[in-house]
Amino acid sequence: MDEVLISADSHVTVRQEQVKERLASTFHDDYDEATAQFQRRVMSAPAGAANQSMMQTFSHPAFGRPGNANPHERLVDMDTDGVQTEVLYCEVSAYRFLYRIRRGWQEATHAFNNTLRDFAAVDPKRLVVSYQIPIHDVEFAASEVRRVAESGGKSLQLPVFPTELDLPDYYDERYDPLWAAVQETDLPICLHIGLTTRLEDLAQRDPTPQQALMATMTGLSSGEAIGMWLLGGTLEKFPRLKVVFVEAGLLWVAWFLNSLDDKVVRRGYRYPALSELPSFYFHRNLFLTYIDEPDAIQLLRHRLGVENIMWSSDYPHPVSSWPNSRAMVEKSLQGVPGNERELIVAGNASRVWNL
């Protein structure tokens, strides 16, 4: 029990009424209109509905726990699980609708992030919330990054696929002021898989009642996003960025990196924006979280990079290891040397989030 566990991926619920309590009443109607449109446009579509259903289909120990919304109860559940610190991602993807608020979207962004801040304020050393950064207005996004950093925040969450919001991919130079601000503050950019409207068609064709095919493809689809970060030149221009892909999985990434490098080394491809092989930027700048992948840990941890892998409990989602995280960690890390084990379960997360 002396081993420190830091979950690099856990979750928290925020209710819209909590956000409105921190937002001037003159903006409430516009806020409600934007959230209602988001519900109709995104969450009621096949992929959104399937994503919500997957969170509730199976009975699992963490489902419905008050710790998902109550920070005091959360700390109790963390103690039960033997977890020292959790990096928290909100269940609501607010950057999908905040920018659509007609009046007061900047104020609403502050209110949303302040709601997350107040949750973590109960014990900010143990509850590390990821503040959501809307990316439509890059100047505002950079200012929000600095505001978060100045208030003691340690984690940023951005959309995985900016093109889903009708914006260019992240290698576009429009984002350079944002990356400069992020690099300046030394906060990690966290990209959590989940709802992706790119899988709308698959959600309708998936033959399984639990959307098993779509759920599996959600993690694999992040290969597109990882590739954009590795090949687009952003990490060449901003070498100190830390980019975390949350819950994307491990095993397939080893093949993916090998394929990108092999195209240069053996097949004559050129990546004009890069001065090194793609795997160089992965090992320097990118990080992956996982829940329970013993084969990846046992067989491929050195190829992926022991310093690039971070354990998580994924509380309170169906795949969560709560309340048996220590037993699951012990099983998946059997035989792993102590120094490598410490990096995977705590050390890497402590370094990435400056804990």
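The values are calculated or read from the model by the stated rules, or taken from the named source; none is laboratory data. Fair warning: this is a prediction, and the values are worked out from it, not measured in the lab. Cβ placement follows ideal geometry from the backbone for every residue including glycine, while neighbour counts extend to all protein chains displayed. To get the accessible areas, we keep the full protein, side chains included, count just its heavy atoms, and leave off ligands, DNA and RNA. Shrake-Rupley method; radii C 1.70, N 1.55, O 1.52, S 1.80 Å.
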Check Thr218, Thr208, Thr234 and return the single one that is crowded, with 21+ Cβ neighbours inside 10 Å, of a type in the set (Val, Ile, Thr) and at pLDDT below 90. Thr218
Within region 334-349, is even one residue closer than 22 Å to Leu75 by Cβ and open to solvent by 40 Å² or more (accessible area, probe 1.4 Å)? no
Of the residues in region 274-294, how many are without any contact (Cβ under 8 Å) to a residue 60 or more places away in the chain and open to solvent by 10 Å² or more (accessible area, probe 1.4 Å)? 11
What are the residues in region 310-333 that are in contact with a Leu (Cβ under 8 Å, 6 or more places away or on another chain) and surrounded by fewer than 24 Cβ atoms within 10 Å (Cβ to Cβ), if any? Arg326, Val329
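For every residue, the table says whether it meets (1) surrounded by 19 or more Cβ atoms within 10 Å (Cβ to Cβ); (2) within 19 Å of Arg96 (Cβ to Cβ).
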{"residue": "Glu139", "(1), (2)": "no, no"}
{"residue": "Leu167", "(1), (2)": "no, yes"}
{"residue": "Tyr170", "(1), (2)": "yes, yes"}
{"residue": "Asp176", "(1), (2)": "no, no"}
{"residue": "Glu184", "(1), (2)": "no, no"}
{"residue": "Pro188", "(1), (2)": "yes, no"}
{"residue": "Glu224", "(1), (2)": "no, yes"}
Exactly one condition in (1) surrounded by fewer than 22 Cβ atoms within 10 Å (Cβ to Cβ); (2) hydroxyl-bearing (Ser, Thr, Tyr); (3) in contact (Cβ under 8 Å) with a residue 12 or more places away in the chain is false for Tyr131; which is it? (1)
Looking only at residues in region 282-301 that are in a helix (DSSP H, G or I) and among the polar types (S, T, N, Q), which one is modelled with the highest pLDDT? Asn285
Among the residues of region 302-322, are any in a helix (DSSP H, G or I), under 17 Å from Met78 (Cα atoms) and not aliphatic (A, V, I, L, M)? no
Enumerated strands (runs of 3 or more DSSP E) restricted to region 151-254, each holding at least 1 residues that are without any contact (Cβ under 8 Å) to a residue 12 or more places away in the chain: none
